[in-house]
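Student: Got a structure here, written out as structure tokens. Questions coming.
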Amino acid sequence: ARAGKKLVANIASVEWDRNDTARLVRSCKANGTTVHGAICAAASRHLPASDADAIRMHCPLDLGRLAGSGAGDCGVYIGAGSVEIPAGRRDTLWNDARNAVDSLHEARSPLQVVAMLQWIAASLPPTAGRDHAEAFLTSFPPSSAVISNLGVLPLAADYGSLRLKAVWGPAMLTNLPADRQTIGVSTFAGQLRMIHQSYQPIPGLLEMIRETLLASCA
């Protein structure tokens with residue numbers, strides 16, 4: 001609750017068909033970027049500025065390979081990356097997409113990950129109290145959105161008599177701040193799916209991102 005008022009989560013979703021999904025993938029490859037980079041670039045056209053200079057988006061990173069996790073291992077290895085796109089939006093979508101990928105690639109590098117872990121260990125020791133932990137978690141630069149992309153899911157469609165039709169997610173909500181937009185992306189069976197969650201959502205955000213991406217693929 002905030003100021004005595006209960007926060008209510010709002011959820012929206014968009015499912016791409018196979019043709020549009022394939023067209024987006026082809027366009028990203030032709031422009032030297034990734035689907036995630038393109039989604040970040042498109043989202044920046046419809047998000048409010050995080051501060052005076054940029055639209056900032058936080059992106060969870062899979063650090064499983066860096067941690068040496070194999071296909072049969074059980075563990076969650078998540079880091080955090082940040083994408084910043086100038087608020088002036090003077091660049092093309094594909095340039096913004098490539099810059100977004102470069103930023104996340106740097107955040108995923110061994111040197112950056114080690115530095116991040118050392119900083120967390122020093123800033124938030126095991127003995128830290130609640131106030132200390134809260135101050136630490138609110139000290140990060142503000143962001144307009146969290147965009148988490150699971151990529152192409154390595155899942156089979158058939159499991160005996162059962163058939164997996166669709167996968168939605170990841171879906172999550174953060175409570176600071178209430179107006180942050182959270183977008184989960186995954187691709188399964190040739191179809192890209194997006195799910196949007198927020199306590200104070202931007203109406204039609206996923207459709208606007210989709211339209212921007214398809215227009216850039218034309």
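The values are calculated or read from the model by the stated rules, or taken from the named source; none is laboratory data. In this text the structure is predicted, and so the values were computed from the model without any measurement. When we count neighbours, we look across all protein chains shown, and the Cβ atoms used for this are built from the backbone with ideal geometry, even at glycine. Protein only, heavy atoms only, side chains kept; ligands, DNA and RNA dropped before computing areas. Shrake-Rupley method; radii C 1.70, N 1.55, O 1.52, S 1.80 Å.
Student: Dividing the alpha-carbon radius of gyration of the chain by 2.2 N^0.38 Å (N being the number of residues), what value is obtained? Provide the component values of the computation, followed by the final result.
Tutor: Values: Rg = 18.3 Å, N = 218, 2.2 N^0.38 = 17.0 Å.
In units of the 2.2 N^0.38 Å rule of thumb, it is 1.07.
Student: To continue, here is another question. First obtain the Kirkwood hydrodynamic radius of the range 88-197 from its Cα pairs, then insert it into the Stokes-Einstein equation at 37 °C and 0.692 mPa s, and state the resulting D in µm² per second as a whole number.
Tutor: Translational D for this selection: 188 µm²/s.
Student: Let me ask you something else. Round to a whole number: what % of the accessible area of the chain belongs to carbon and sulfur, probe 1.4 Å?
Tutor: In the chain, the share of accessible area belonging to carbon and sulfur is 56 percent.
Student: Among 11-23, 203-215, 53-65, what's the highest-first ranking by average C-beta atoms within 10 angstrom per residue?
Tutor: 53-65, 203-215, 11-23
Student: Using modelled backbone amide H atoms (1.01 Å from N, in-plane), which distant-in-sequence or interchain residues come within less than 5 Å of Ala54's amide H?
Tutor: Ala87
Student: Provide His46, His105 ordered by accessible surface of protein heavy atoms (probe 1.4 Å), highest first.
Tutor: His105, His46
Student: If amide hydrogens are placed 1.01 Å from N in the peptide plane, which non-local residues have theirs closer than 5 Å to the one on Ala80?
Tutor: Leu61
Student: For the range 83-192, what is the accessible area per residue in Å² when the probe is 1.4 Å?
Tutor: Numbers: 6710 Å² over 110 residues.
Result: 61 Å² of accessible area for each residue.
Student: Shifting gears a bit: Quick check on the chain: helices-only [θ] at 222 nm, where DSSP H runs of length 4 and up contribute -39,500 (n - 2.57) each and the sum goes over total residues. Nearest 500, please.
Tutor: My calculation for the chain gives -10500 deg cm²/dmol from helical runs alone.
Student: With only Lys, Arg, Asp and Glu charged, each at its Cβ (+1 for the first two, -1 for the last two), find how big the charge dipole of the range 85-218 is about the Cα centre; round to the nearest 20 debye. All intermediate terms of the calculation are to be shown ahead of the outcome.
Tutor: Values: 10 positive and 10 negative charges, 54 e Å.
In total the dipole reaches around 260 debye.
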